[in-house]
1. Take the conditions over 30 Å from Arg223 (Cβ atoms), in contact with a strand residue (DSSP E or B) (Cβ under 6 Å, 6 or more places away or on another chain) and either open to solvent by 60 Å² or more (accessible area, probe 1.4 Å) or not in a strand (DSSP E or B) (or both) and apply them to Glu438. Does it pass?
2. For a quick check of your reading of the model, give me the residue pairs whose first member lies in segment 5-20 and is over 16 Å from Pro64 (Cα atoms), whose second is open to solvent by 10 Å² or more (accessible area, probe 1.4 Å) and more than 9 Å from the ligand (Cβ to nearest atom), with beta-carbon atoms closer than 6 Å and at least 6 apart or on different chains.
3. Do you know which residues across segment 318-377 are among the hydrophobic types (A, V, I, L, M, F, W, C), open to solvent by 20 Å² or more (accessible area, probe 1.4 Å), within 19 Å of Leu22 (Cβ to Cβ) and away from the ligand (no atom under 16 Å from the Cβ)?
4. Out of everything in segment 666-693 that is in a helix (DSSP H, G or I) and of a type in the set (Lys, Arg), what residue ends up being farthest from Val630 (Cα to Cα)?
5. Under the condition of being within 14 Å of the ligand (Cβ to nearest atom) and in a helix (DSSP H, G or I), which residue from segment 383-396 is surrounded by the fewest Cβ atoms within 10 Å (Cβ to Cβ)?
6. Does segment 252-261 include one or more residues that are surrounded by fewer than 21 Cβ atoms within 10 Å (Cβ to Cβ) and hydroxyl-bearing (Ser, Thr, Tyr)?
7. Considering only residues that are within 18 Å of Gln102 (Cβ to Cβ) and in contact with a Lys or Arg (Cβ under 7 Å, 6 or more places away or on another chain), look in segment 1-34 and name the one that is farthest from the ligand (Cβ to nearest atom).
Amino acid sequence: MKPIRVVIVGGGFAAVQFAKTLRSKLRASECEILLFNRENHMVFHPLLADVAGASINADAAATPLRQMLPGVGCRTERVQRIDLPSSEIEFDDGTGVLQRLQFDHVVIACGAESNLGIIPGMAEHAFPFKVMRDATDLRQHIVRQMEQAEAAGDPVLQHRHLSFIVVGAGFSGVEVAGEINELVRSSTRFYHNFKREDVVVTLVHSQDHILPEVAPTLGEFARKKMEEAGISILLNTRAVAATGEGIELNNGKMVTGSTVVCTIGTAVSPLVQHLDVPKERGRIRTAPEMRIEGQTNAWAIGDCALIVNSFDNKPSAPTGQFAERQGRQAALNLVRLLRGEPTKPFRFKALGQLCSIGGYSAVAEMFGMQVSGFLAWFLWRGVYLFKLPTWSRRIKVALDWAWDLLFPRDLGFLNTDSAQQVFHAYYRPGDFVQRQGEPARFFSVIEEGEVEILKAVDSDSEPKVIAVLGKGDFFGEAALLGNRPHETSIRARTVVRLRQAGSALFSQIAGTLTPFREILSKAVLHRSGDLWQRIPLTKSLLEREPLASLLDPLPAQLLHKDTSLPDAIRALKESHTGELLILDEAQRLWGTFDRNDLDQIVARIAVIPPDQQGDITQRKLSEFLVVNPVYVALDDSALMAATTMLDHDSSWLPVVQSKDNPQPVGFLRREKILDRMIERIGQQQAKHAQVAG
Ligand SMILES: Cc1cc2nc3c(=O)[nH]c(=O)nc-3n(C[C@H](O)[C@H](O)[C@H](O)COP(=O)(O)OP(=O)(O)OC[C@H]3O[C@@H](n4cnc5c(N)ncnc54)[C@H](O)[C@@H]3O)c2cc1C
């Protein structure tokens, strides 16, 4: 008889236990087991903090699945979709082609994902802490910060390099904060330019005690011990934003630091998100035996599932302990089902909790007993050594730990060159992206928001806003191309998201891509109040001219986001000036529309395949335009407005009431500004002639 095929999606605690148990119960002739995991190894999460803190090597906490699971077909592929009605999975075979595979039973054990999107700026500036790559990247970064602190001449910069922030004081936050503290403080003796006392590790937690998972006395013990070790713990405090400088707290204060680790925020895996089955808070609801509610051949276990524990009738905790037991008991239930025997509900009495807090100390709750300090730390190491999946890993970890007791932690790191990389960055209104006089490191493109360009005439004078840049605009090119410090500062005017390329990467692209080079040369020519510097009379006149005096009234016809493409084109045809504004529901400026946009619209339609173009006459104008137009506010200076026009090679700009209230109040036109300048120059000359006469 043909063996049945069981497909397991995932390769974590739950999936591995399921595969091991099933293989031990059913022969290969009875059952083919295929396990699909994104990586070819299983990550032992409780040791991730040790990897980040360099007390063990990464390979000790990652066990290759095929060596751990003989008799199981291990595939390193991401499953894209599970088609439950036709009992098939869809996966990318590595060539970009989607393959389908039939199953008799499927087990979904794909865990949860980290989600830094819950706090603005975290995705751009913080390290997540979930997969092995997160831990190894963090370790590299920490050592790089120490190297940079050693080299930093500026004490403020050195303080930033030596300040480490961990958000969330659950198990993983406490463990990683303890490990960072241990690694950095114990390594200061190898550096000459900073001391133990210069290191700052801050743990930010939203509740009034850390480690809410354990008894309050243990949480309190952990807090005191960590504070004694030099970690500063901020309770009842939430991070509300992260930037390149550090994190902003809900009390308005800023904690600076160039390392932020975010251990809060989980998201449902996209695979589960797209699955049409009953869910609760994103997790798949199962029957007590762990088959998905309403399904006959689909099971869900581990962090992605919501399984009620019949021991206490509560939903199982999303921990490795529960995931392993679910994997084992679900496999036994599948065997029972295949043999026609009744299945059993999931039942498990949690064994306890263990958390290492650094400095050879831990807290533990085991079999109803509470232990803390060195004994708990010894227990912690013993339990996790025993729980590692293979003997080879146990020996590796034991050797690493023994090494760590005898020798200093390894400070070697791969010096990946940031000049070759692409980054994302997030800034709050008022944050500086670059400062005049700083060396140029990045070429930046604005993905969202607006920035102001500021320039100070000399080091003693106040910088003045000389132009505004918006979505799709770029900056940093002049200093990089000229290999000189920035001649202007850039400050976020709204929330800003940037895509940044390191200097070397920028030079390579600028050197090889001719159209890009041409755009850059044009920008360098137009940009930076330099042009006005060279015509000092006009510059000083523009600085004095009130913007309101240059305003043209709004046109009679204003477009709306929902205006159809044909109506918008008709309005443009009837407009005297050929410049129209588009408003949103709250009558705020949403976009602009002029004759240049028509070419872009045609180009955009041309790239849509003919069968998907639909009825063009029914399409909305907003589908074809880039939003976030550049504008100036009534309280901006005429000099800034004129420079912004030059920067954007534009002959007109919309003017809004204020930055906080972007309701359009009029237009600014290049010819009107120039006409006014000529008028003012004439008036000045007449005055001079009168004085001379
Ligand atoms: C830093 C940290 C420390 C922790 N410490 C502890 C601890 O001390 N004790 C404890 O009990 N628990 C701990 N946990 C929690 C524990 O790790 C999780 O509860 C456990 O890993 C859940 O197991 P799982 O099998 O459901 O998912 P995971 O172990 O997350 O495994 C899911 C696997 O599925 C793979 N996958 C996802 N989507 C797909 C797809 N579409 N195709 C193919 N593969 C896919 C992933 O790559 C991953 O390998 C910790 C977690 C973290 C992050």
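1. Judged against the criteria, Glu438 is not a match.
2. Here the result reads Arg5/Glu32; Arg5/Asp104; Val6/His105; Val7/Leu34, each pair linking segment 5-20 to a residue that is open to solvent by 10 Å² or more (accessible area, probe 1.4 Å) and more than 9 Å from the ligand (Cβ to nearest atom).
3. Correct list: Leu332, Leu337, Leu338.
4. Of everything passing the filter in segment 666-693, Lys687 is farthest from Val630 (Cα to Cα).
5. Phe386
6. So far as segment 252-261 goes, yes, one or more of its residues are surrounded by fewer than 21 Cβ atoms within 10 Å (Cβ to Cβ) and hydroxyl-bearing (Ser, Thr, Tyr).
7. Glu32
This table checks each residue for (1) at pLDDT 95 or above; (2) within 25 Å of Ala376 (Cβ to Cβ).
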site: Ser186; (1), (2): no, yes
site: Val200; (1), (2): yes, no
site: Leu203; (1), (2): yes, yes
site: His209; (1), (2): no, yes
site: Glu213; (1), (2): no, yes
site: Glu220; (1), (2): no, yes
site: Ile231; (1), (2): yes, yes
site: Asn236; (1), (2): yes, no
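The values are calculated or read from the model by the stated rules, or taken from the named source; none is laboratory data. Owing to the predicted nature of the structure, the values given are computational and were not obtained by experimental measurement. Using ideal geometry, Cβ is built from the backbone for each residue, glycine included, and neighbour counts are taken over all protein chains shown. All accessible areas refer to the heavy atoms of the entire protein, side chains included, with ligands and DNA or RNA removed. Shrake-Rupley method; radii C 1.70, N 1.55, O 1.52, S 1.80 Å.
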